[in-house]
Amino acid sequence: MKKIIAANWKMNPSSRSEAVRLAKASDEKGVIIFPPFVFLSAISKIIKKADLGAQDVFWENPPDGGAFTGEISANMIKRSGGSWVIIGHSERRRYLEESDEIINKKIKASLASGLKVILCIGESLTVKKEGTDFAKNFIKSQLKKNLLGLENFNLKDSNLVIAYEPIWAIGTGKPDDPADAADMAGFIKSYLSANIPALKPVVLYGGSVTSSNTARIFEHKEIDGALVGGASLKTGEFKKIIRIAS
Ligand code: PGA
């Protein structure tokens, strides 16, 4: 399988023209662009090869909208040209205090609407320091809580993808050791195969991915792609990552 490259732009860039420029430069097959909500429509009109998604979604999705100030529904994302959504990013878990229960509700609403989901999971440095078995148990418990009740939930092929993002590796310039990340990706895949057999397990790695470490990360067959933050905002750098992936 060709590797998937998801570009998580976070709260960037600062203008619509810059967002359009960045999207044009990133418009390649196998890439999924995740801009802020406000740029979704503009980008959906200009991309030809890449897929598009949102960085978050609300857990209610009434067909005609609803009284949920500030929130964006799965239907709205689809109507703005998005086919994917990122759920459970560690920055939202931390700054917005998103709980596992909220994340579980968002996954259900998204899959029911037909959006494809990238669920982010990953351990903190404190957990990592307790050792590999401890970290795996933590990851297992995140999967269990976030995917609760999803066994028979419209899951097919790979409409639910897991991004393994160790929190200590995000935005720090200190990526996980590729072999360790691959070991965790393999662990996540075994969990998925055992618990959601209808799903084709797909696991991305995220956390300080750059053009200089992509090749080493992608050597491992357990890792199906990358969720790229900072490096996805630099066009030259991102193009190199795409080239290595293909
Ligand atoms: P980073 O971010 O590539 O800047 O570390 C990854 C992410 O948060 O998804």
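Which percent, nearest 5, of DSSP beta bridges in the range 1-157 are antiparallel?
Details: 0 of 12 bridges.
Expressed as a percentage, antiparallel bridges in the range 1-157 total about 0.
For the chain, what does -39500 (n - 2.57) per DSSP helix run (n ≥ 4), summed and divided by total residues, give at 222 nm, in deg cm²/dmol to the nearest 500? Display every interim value, and only then the final one.
Details: 10 runs with 98 residues, N = 246.
So the helix-based figure for the chain works out to -11500 deg cm²/dmol.
Where does each of 21-32, 217-228 land if you order them by average Cβ count within 10 Å, highest first? If you can, show how the numbers build up before the last one.
Working: 21-32: 18.8, 217-228: 21.4.
Those peptides, ordered most packed to least, come out 217-228, 21-32.
Given K128/K174; K78/K116; K116/K174; K2/K200, which pairs have Cα atoms separated by over 18 Å?
K116/K174
What does the convex hull of the Cα atoms come to per residue for the chain, in Å³?
Dividing the Cα hull volume of the chain by its residues yields 118 Å³.
Mind ordering 131-139, 86-94 by average Cβ neighbours within 10 Å, highest first?
86-94, 131-139
Provide the gained length on full extension for the span D180 to V38, in nm with one decimal, where the gain is 0.36 nm per separating residue minus the Cα-Cα distance.
47.5 nm
Where Lys and Arg each count +1 and Asp and Glu each count -1, what net charge lies around L160 among other residues with Cβ under 10 Å from its Cβ?
Surrounding charge for L160 is +2.
Enumerate the calculated ³J(HN,Hα) couplings along the range 57-73 in order (Karplus 6.51 cos²θ - 1.76 cosθ + 1.60, θ = phi - 60°), each rounded to whole Hz, writing x wherever the residue is Gly or Pro.
After applying 6.51 cos²θ - 1.76 cosθ + 1.60, I find 7, 8, 8, 9, 9, x, x, 10, x, x, 8, 9, 3, x, 9, 10, 8 Hz.
When the chain is fully extended, how far beyond the present Cα-Cα distance does E18 get from E130, taking 0.36 nm per residue of separation?
36.0 nm
Coordinate-derived values only; no laboratory data. Being a predicted model, the structure only gives us computed values, none of them experimental. With ideal geometry, Cβ positions are generated from the backbone for all residues, glycine too; neighbour counts draw on all protein chains shown.
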